[in-house]
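A quick write-up on the structure given underneath.
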Amino acid sequence: LSQDELKRIAAHRAVEQVESGMVLGLGTGSTAAHALDRIGDLLRGGALRDVVGIPTSEWAAARAAAAGIPLTNLNVHPVVDLSIDGADEVDPFLNLVKGRGGSLLREKMVEGASRRFVVIVDDSKLNLFDGTPGFNLKLRTASINAKASAFTEKESEIEPFVTDNKNYIVDLFFENGIIGDLNSISDEILRITGVVEHGMFLGLATSVIVARKDGVVMMDN
Ligand code: DER
């Protein structure tokens, strides 16, 4: 099974939890893409009805529209029934690092407003916050013993990456991956002037569906 097939398997398993009439949070990324496409197929086939989705990025809005999922927003639906999205890293407590796609702010807004948030990953994402890039924030690195490097547009390597909300993204590298208590790091980061949000999703995931070559594993809180 290729990595993309594993992503599809995890995504389709999550979509089994979608019921007609739901307000959905629509994730961003290559794993979430399979979920959006699957929801569209079920709507077209009549197995699902009256579903609306709140996209977590301009990319998700376009992908969902192409799949035929009616779009809405948090002003109309401040509470979301179910969000489905990928992640870059997952720890055993279902804490996540997200944001490699640059959509972490809208993702956290939508997923933070969701009754249930189901994360879909292939098993390459299971690691202990090993310090690989994924923390997206502007910060004075001295305060939390880490190095920050500007997250640049892929092709240019010079132009800073600008998000859908016109913010910059900065990757944070922690020395040998040890970063201490996640909640206190989160508080410290969010207190820094200029920081809009960071890519640690702590205590937000309801469950994580992990697709592995030998089968699918559900991680629940
Ligand atoms: O940017 C994001 O948060 C994405 O959800 C990312 O974490 C997962 O993207 P992938 O499914 O393409 O690996």
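The values are calculated or read from the model by the stated rules, or taken from the named source; none is laboratory data. Every value quoted in this text rests on a predicted model; they were computed, and no experiment measured them. In this analysis, Cβ positions are derived from the backbone assuming ideal geometry, glycine residues included, and neighbour counts consider all displayed protein chains. The area values use the complete protein model at the heavy-atom level, side chains included, leaving out ligands, DNA and RNA. Shrake-Rupley method; radii C 1.70, N 1.55, O 1.52, S 1.80 Å.
Residue-level check: of (1) modelled with pLDDT of 95 or more; (2) touching a Phe, Trp or Tyr at 6+ places or on another chain (Cβ under 6 Å), Leu96 misses just (1).
Among residues belonging to region 87-101 that are open to solvent by 10 Å² or more (accessible area, probe 1.4 Å) and of a type outside the set (A, V, I, L, M, F, W, C), point out the one that is farthest from the ligand (Cβ to nearest atom). The selected residue is Pro92.
The one condition from (1) assigned to a loop (DSSP other than H, G, I, E, B); (2) loosely packed, with under 13 Cβ neighbours inside 10 Å that Val196 does not meet is (2). If the condition is being open to solvent by less than 20 Å² (accessible area, probe 1.4 Å) and of a type outside the set (Val, Ile, Thr), then region 102-131 contributes Gly102, Ser103, Leu104, Glu107, Glu111, Phe117, Asp122, Phe129, Gly131.
Of all residue pairs spaced 6 or more apart or on separate chains, those with beta-carbon atoms under 7 Å, a first member in region 84-107 that is within 21 Å of Val162 (Cβ to Cβ) and in a helix (DSSP H, G or I) and a second member that is near the ligand (Cβ under 10 Å from one of its atoms) and of a type in the set (Lys, Arg) are Leu104/Lys98; Glu107/Lys98.
In region 149-186, which residues are assigned to a loop (DSSP other than H, G, I, E, B), at pLDDT below 80 and among the polar types (S, T, N, Q)? The one that is assigned to a loop (DSSP other than H, G, I, E, B), at pLDDT below 80 and among the polar types (S, T, N, Q): Ser156. Scanning region 10-57 for residues being buried (at least 22 other Cβ atoms within 10 Å of the Cβ) and within 14 Å of the ligand (Cβ to nearest atom) gives a total of 16. Just to verify a result, which residue in region 102-128, among those that are more than 13 Å from the ligand (Cβ to nearest atom) and not polar (S, T, N, Q), is nearest to the chain's Cα centre (by Cα)? Top of the filtered list is Gly112. Of the residues making up region 199-216, those that are in contact (Cβ under 8 Å) with a residue 60 or more places away in the chain and assigned to a strand (DSSP E or B) are Met200, Phe201, Ser207, Val208, Ile209, Val210, Ala211, Arg212, Val216. Against the criterion of being more than 14 Å from the chain's Cα centre (by Cα) and more than 15 Å from Ile120 (Cβ to Cβ), Leu6 does not qualify.
Of all residue pairs spaced 6 or more apart or on separate chains, those with beta-carbon atoms under 8 Å, a first member in region 1-24 that is without any contact (Cβ under 8 Å) to a residue 40 or more places away in the chain and a second member that is crowded, with 20+ Cβ neighbours inside 10 Å and basic (Lys, Arg) are His12/Arg38. Restricting region 68-83 to residues that are open to solvent by less than 50 Å² (accessible area, probe 1.4 Å) and part of a strand (DSSP E or B) leaves a set whose member that is nearest to the ligand (Cβ to nearest atom) is Ser83.
The test for being outside any helix (DSSP H, G or I), free of Cβ contacts under 8 Å to residues at least 40 places away in the same chain and farther than 18 Å from Val118 by Cβ holds for Asp50. Applying the criterion of being open to solvent by less than 50 Å² (accessible area, probe 1.4 Å) and over 16 Å from His12 (Cα atoms) to the residues of region 58-67, the residue that is nearest to the chain's Cα centre (by Cα) is Ala60.
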